[in-house]
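Note sheet for the following structure.
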Amino acid sequence: MIDSESHAADAADDSVLLALRDVVKVYDSGEVPFTALRDVNLHVHSGEFVGLIGKSGSGKTTLINMITGIDRPTSGTVEVAGTPVHALNENQLAIWRGRTIGVVFQFFQLLPTLTVIENVMLPMDFCNVYDPLERPERAMHLIEQVEMADQAHKLPAALSGGQQQRVAIARALANDPPIIAADEPTGNLDSKTADAVFHLFEKLVDEHKTIVMVTHDNDMAARVRRALHVADGEIVEERVHRPRTVRADTFVDGPAR
Amino acid sequence: MITPRWRKVFRDLSSHRFRTLLVVLSIAVGIFSIIVVLGGRGILMREFETVFGDSRPPTATMHVDIADDSVIDAVSRYPGVEAAEGRRSVPLRFTVGTPEADVPSSGWSTAQVWAVCDFEGQSVRRFTPEDVVSWPPKTGEILLEQSARTVGDYRIGDVLTVESPSGKRARLRVAGFAHDINAFPATFVAMSTGFISMETLAMFDEPCEYNTIALLAEDPSITRPQASRLAANVRDDVVAARGVRVMQTNVPEPGSHFLGDIFKAVSLLLLALGVMALLLSGFLVVTTVQALMSQQVKQVGIMKAVGGRASQITWMYLAMVLIYGVLAVAVGLPSGIVAGRWFTEYGAGLLNFRITSYAPPVYVSLLGAAVGLAVPLAAAIIPVRLGTRMPVVRALTATGITAARFGHGLVDRVLGLLRGLPRPVALSLRNTFLRKGRLALTLTTLVMASAVVMSVLTVRSSILATVDEVDVWQFDAQFYLARTENGPRALREAARSRGVATAEGMLDYPATLKRQDGTEGEGVSVIGLPPDTPFVAPQLEQGRWLEAGDTSALVVNADILKEEPEFALGSTVTLSILGIEEDWQVVGVVSGGMMGPVAFAPIGHMDAILQAGGGINRVFVTTEHHHATAQEQAARELERRFEDAGIPVAATQTQIEQRDTIASQLGILVTFLAIMAVLLALVGVIGLTGTMTINVMESTREIGVMRALGASHGAIYNIFITEGVVIAFMAWVLGAVLSWPASVALTGMLSSAMNLPLQYDFSWFGVGFWLVAVLFIAVLASLLPAFRASQVSVRDAIAYE
């Protein structure tokens, strides 16, 4: 097991955006308790593109759920952007999550009865971010960024998987969160579409977003800056890749808040 | 601008049209049944009071030998009397058409005809024109009470040949129909009521003077003892003082109608079933909302994952439920009012009164709206809170609010042990018990509906058993003679008549209880009979029956005791029969028998005090054969014989006709009960359909897997229909068990409301009938969901969220 960066270094480094300390997660649902995470320590700096890599059942989804506050640690602490996530109640978590983290799921999870633009506006609506009159314009801008403008008024059922995932990414960006957490965002897509989606993430990193992405795809894992290999509930290996060349067609964020 | 989350609410409603329809229908049927049942009750009670009050029912009615206008004037001027009116009541027989003069009147219909002086200026016991060509009727015309139309096909313009008790005939034209709420509906007594002018009465050589005086007290809140005192004073100071003989004075309970007991029972029944409908619809709503929430759990998780707070999401779903409620009120309220209109019209028809306003009482509409809006909201709060407070990780992975897991618990283990069942049947059985919370709610609704339906059928069977039980008369035909006739001679004629096996004569006179304080009690019929008569077999409740050697012994029925406690066993009472006062000893009490207040006395003693000289005015016969036709033929034959022998008959009744008369009164209850049963069964059907549909929706992924494995349309149908049938069967078993105490309670309530001990008769027919019905319903309720299931494509099913 390795600690991804030491506590001392973490304390001294103001750019640490996300810190998990001694996180343990045990599930009691079966006949024998199952330990999904064992004493995980993880620190992510602002602007990093981190990949959590591992086989099915290794604990990578549980780990990202700790970061998003979707699940709670059995013990240990989770601090994101200075907020002790593990100490928040469900309601506080919802508000915090809406403003701080954009979540992207493997199966897109768009609400089937809302159109593309309505799905993107939904987080703004819940968190009351941006003036109500501004929201459609911002949502449209984000949809344009993911190249879905011509589908803005369609329902999710009319879109392909790749298109739905683009919309899900636009939705994750709705409240301009500093962190994007994506759980197997390309796992349900063909390789060409997966590449396009990954490209979107790269552009977001260029825009100083911090991305934590779960994947079991080795090709994708090779393209992230920092790849953390998860096995049996532990981070067993860390690889840091050299920074990419900044591309000319930099992804531009929507209108400022 | 509508924000996306509210758009989601509206979009969810419109995009899941079938689910919306089902939820709305579930709530609406509850509102509907409440409006129909409680609204119907409210309207009937209000309108009955209005119509009855407007008729100015008499405080007291005196039956006199003969009185003229001067007597009526004097009565109406008496202190405490607001109005008085004299009429002449004559029993007439009639037939439609113009038969030859020598055709005997046997088999003709009977009518109680009132000769009225002033149709426009009626001051007491008012009747109103309903459908008339002339008002008041001209000389030679008759108005029939509207309920006559239920026993005969009478039309305006029909010519009736009418015969008076003295045998005088005249032809009268039907000038129309009137409504008299104070008249016994023809349906109940197999006798019509008619109204003619005094001039028409003269056509029958009847004296144009009055034989009844109805008076109305000034004080609207007069009590019965005060009314009796007033009537006694009027009798002594005015009527008797003018030489008029008063045969009987009737003082009913002020404001009470003769159908009051039946009405009270109907009202109670409606109230009890209204409460049941309320409970049932509440359960239905809880089931539906819970199912709805379990379907939405994943979406709740997504919304929370993108920043939705529990309170925001809770309001979204409560708003959705509120919209369901508003739609359900919009459907249930007007349809309930329309059906309630039909229901009350029908009910009013049975009770023979007209409805002037069909508007349900405000409280019923408010209750209906509250059930539609508040009950779903209240029902939704717990499931919505459970759903919205569920941790996101569970919501995103759960299949429902209560994660369905099979294999835990005793029932699951027992089902798991069942071997040798075809795989689809085993699957259906296990699916049934998969979501135990939902199953419990659905079962509760269906068990309650089943218990009520089976209870209602038991009450019906008890009522019918009571009709048999209360029928104290053992005759095949009875004859009311127009006057007291020589007994041996009349019985001789009877013995010679074809088809008659045995015959017996009795004396039947109206009598009045003379109370110690000089007032008169309720009128009773005293029947003088041989103590060992085979024609009367009453159920003895207290004391003993008449014995040979009894003189002034009297056996009274329970109906007398209800009105006059002075007739208690062992007491001595003074009765006035034909103005002759005599003391009697009450030696026994028999059941009411739906005969009204009746007392039995030894015929010998009665003959002696009335100096009847062996006379009789009522003849009972048994016939050689007892079926309806034999009874009818023998009765007509004897009636003709009596006519030929110069023994005029006022009315004839066969045993089957008499039984029908009693049954028709209790039949009102049976009819109302049947309507209620259908309504509650409907709630059950919609509940089961809803559950089955939601089960199908939740099983979409499983259906896809089964289809991928090669399940045919038929196999999918079988699985869901079997599941519905299993639920229905369980509801039937539990409902049948529950229907026993429920029907005992319902029968008891009705018995006490009607003052008629109902003979409890558990309806095994009802249990069997409901088994067939509920299984049929289950198949029907599962068909549509099963059809939807069979249409699921593998691709859609696997992609189903």
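Over the whole of B:383-396, what's the average partner chain Cβ count within 10 Å per residue? Rounded to a whole number, please.
3
Stretch B:Trp6-B:Thr50 to full length: gain in nm at 0.36 nm per residue minus the Cα-Cα span?
On the way: separation 44, 0.36 × 44 = 15.84 nm, distance 4.94 nm.
Net length gain for the segment: 10.9 nm.
For the charge dipole of region B:64-219, defined by +1 on Lys and Arg C-beta atoms and -1 on Asp and Glu C-beta atoms about the Cα centroid, which residue among B:Leu201, B:Ala186, B:Thr150 has the Cα displaced farthest towards the positive pole?
Positive-most Cα among the choices belongs to B:Thr150.
Determine which lysines satisfy two conditions relative to B:Lys138: a Cα distance under 25 Å, and not lying fewer than 8 residues away in the same chain.
B:Lys168
Apply the membrane-span-like helix rule to chain B: whole DSSP H runs, Cα extent along the own long axis of at least 20 Å, mean Kyte-Doolittle hydropathy at least -0.5. List the helices found.
Long hydrophobic helices here: B:17-34, B:40-54, B:260-305, B:310-350, B:362-388, B:436-470, B:655-698, B:713-754, B:764-790.
Pick out, from B:Met506, B:Phe769, B:Pro383, the residue whose Cα sits farthest towards the positive end of the charge dipole of chain B, with +1 on the Cβ of Lys and Arg and -1 on the Cβ of Asp and Glu.
Checked the options; the winner is B:Pro383.
For labels at B:Glu345 and B:Arg498 in the simple 7 Å Cα→Cβ model, what's the distance in nm?
4.8
Packing-wise, with mean Cβ within 10 Å as the measure, how do B:639-648, B:582-591 rank, highest first?
Per-residue mean Cβ counts within 10 Å order the peptides as B:582-591, B:639-648.
At 7 Å along the Cα-to-beta-carbon direction for both B:Ser357 and B:Glu82, put a label point, then send me their distance in nm to one decimal.
2.0
Give the shape of region A:38-196 as rounded, prolate or oblate, defined through the alpha-carbon gyration tensor: a ≥ b ≥ c are the square roots of its eigenvalues, a/c under 1.5 means rounded, and otherwise the shape is prolate if a/b is larger than b/c and oblate if not.
Judged from the Cα gyration tensor, region A:38-196 comes out oblate (a/c at least 1.5, b/c at or above a/b).
What's the average, rounded to a whole number, of partner chain beta-carbon atoms within 10 Å of each residue's beta-carbon in B:345-354? Working shown, then result.
Details: counts 0, 0, 0, 0, 0, 0, 0, 0, 0, 0.
Partner-chain Cβ atoms within 10 Å, mean over residues of B:345-354: 0.
So, in nm, how far is label A:Val236 from label B:Thr150 when the simple model puts each one 7 Å beyond its Cα toward the Cβ?
Each label point lies 7 Å from its Cα, and together they span 8.9 nm.
Treating only the Cβ atoms of Lys and Arg (+1) and Asp and Glu (-1) as charged, compute the dipole magnitude of the protein assembly as shown about its Cα centre; round to the nearest 20 debye.
Here the protein assembly as shown has a charge dipole of around 4100 debye.
Express in nm, to one decimal, how much length is gained between A:Ala87 and A:Lys154 on full extension, taking 0.36 nm for each residue of separation and deducting their alpha carbon distance.
Gain on extension, A:Ala87 to A:Lys154, equals 20.2 nm.
Dimensions of region A:22-67 along principal axes (Cα, Å, largest first)?
The principal-axis extents, from largest down, are 42, 22, 13 Å.
Taking a spot 7 Å from the Cα of B:Glu547 along the direction of its beta carbon, which residues of region B:591-631 have an amide N less than 16 Å from it?
B:602
What residues have an amide H closer than 5 Å to that of B:Ala651, excluding those fewer than 5 places away on the same chain, when H is modeled at 1.01 Å from N in the peptide plane?
B:Tyr480
Using R₀ = 30 Å, calculate the FRET efficiency as 1/(1 + (r/R₀)^6) where r is the Cβ-Cβ separation of B:Ala628 and B:Lys138; round to 0.05.
On the way: r = 40 Å, r/R0 = 1.32.
According to the calculation, E is roughly 0.15.
Using Cα-only point scatterers and the Debye equation, what is log10 of I(q)/I(0) for the protein assembly as shown at each q in 0.05, 0.07, 0.09 Å⁻¹, rounded to two decimals?
-0.52, -0.76, -1.01
Which of the GluC sites (Glu not before Pro) found in region B:31-123 are in a DSSP loop and have at most 14 neighbouring Cβ atoms, other than their own, within 10 Å?
B:Glu100, B:Glu120
Over the Cα atoms, compute the radius of gyration (one decimal) and Dmax (the largest Cα-Cα distance, rounded to a whole number) for chain B, in Å.
Using the Cα atoms of chain B, the pair Rg, Dmax is 33.6, 105 Å.
So what's the back-of-envelope 222 nm ellipticity for chain A, counting only DSSP H runs of four-plus at -39500 (n - 2.57) apiece and dividing by all residues, rounded to 500?
Value at 222 nm, helices only, nearest 500: -9500 deg cm²/dmol.
Residues with beta-carbon under 10 Å from that of B:Val162, excluding B:Val162: net charge, scoring Lys, Arg +1 and Asp, Glu -1?
Charge balance near B:Val162 sits at +3.
Between B:Leu540 and A:Asp28, how high is the FRET efficiency from 1/(1 + (r/R0)^6) when r is the Cβ-Cβ distance and R₀ = 60 Å? Nearest 0.05.
Once rounded, the FRET efficiency stands at 0.25.
Work from the charge dipole of chain B (Cβ charges, +1 for Lys and Arg, -1 for Asp and Glu, about the Cα centre) and give the residue of B:Ser256, B:Phe475, B:Val744 farthest towards its positive end.
Farthest along the dipole direction, towards plus: B:Val744.
Using the beta-carbon distance between B:Phe258 and B:Asp68 and R0 = 25 Å, what value does 1/(1 + (r/R0)^6) give for FRET efficiency, to the nearest 0.05?
0.30
Could you work out the helix-only [θ] at 222 nm for chain B, with each DSSP H run of four or more residues adding -39,500 (n - 2.57) and the total divided by the number of residues, to the nearest 500 deg cm²/dmol? Present the calculation step by step, with values, prior to reporting the outcome.
Working: 23 runs with 416 residues, N = 801.
Computed ellipticity for chain B at 222 nm equals -17500 deg cm²/dmol.
Give me log10 I(q)/I(0) at q = 0.17, 0.20 Å⁻¹ for region B:170-246, Debye formula, one equal scatterer per alpha-carbon, no solvent.
Computed log10 I(q)/I(0) values: -0.99, -1.08.
So what is the relative contact order of chain A, in percent, for Cα pairs below 8 Å that sit 6 or more residues apart?
It comes to 27 percent, rounded to a whole number.
For peptide B:307-318, compute the average count of partner chain beta-carbon atoms within 10 Å of each residue's beta-carbon.
Mean shielding by partner chains, rounded to a whole number: 5.
Would you please give the residues with an amide H less than 5 Å from that of A:His43, counting only those at least 5 places away or on a separate chain, with H modeled from the backbone geometry?
A:Ser4, A:Leu20
Along the Cα-to-Cβ line of B:Val96, 7 Å from the Cα, sits a label point; which residues in region B:133-147 have backbone N less than 15 Å from it?
In region B:133-147, the label zone of B:Val96 (backbone N under 15 Å from the point 7 Å along Cα→Cβ) covers B:144-147.
If packing is taken as the mean number of other Cβ atoms within 10 Å per residue, what is the order of B:519-527, A:76-84, B:611-619, highest first?
Result, highest mean Cβ count within 10 Å first: B:519-527, B:611-619, A:76-84.
Across region B:119-126, in residue order, what do the Karplus-derived ³J(HN,Hα) couplings come to in whole Hz, using 6.51 cos²θ - 1.76 cosθ + 1.60 with θ = phi - 60° and x for Gly and Pro?
Karplus values, whole Hz, x for Gly and Pro: 5, 6, x, 4, 10, 9, 6, 5.
Pull out the extension gain between B:Asp644 and B:Phe776, defined as 0.36 nm times the separation in residues minus the alpha carbon to alpha carbon distance; nm, one decimal.
41.5 nm
Across 10 Å bins from the origin, how do the percents of Cα pairs in region B:477-625 run, short distances first?
11, 42, 33, 11, 2, 0
Where the only charges are on Cβ atoms (+1 Lys, Arg; -1 Asp, Glu), what is the dipole of region B:477-625 about its Cα centre, to the nearest 20 debye?
With only Lys, Arg, Asp and Glu charged at Cβ, the dipole is about 600 debye.
All of the numbers you see were taken from the coordinates with simple rules; none came from a lab. Since this is a predicted model, take the numbers as computed values, not measurements. Cβ atoms come from the backbone with ideal geometry, glycine included; neighbour counts cover every protein chain shown.
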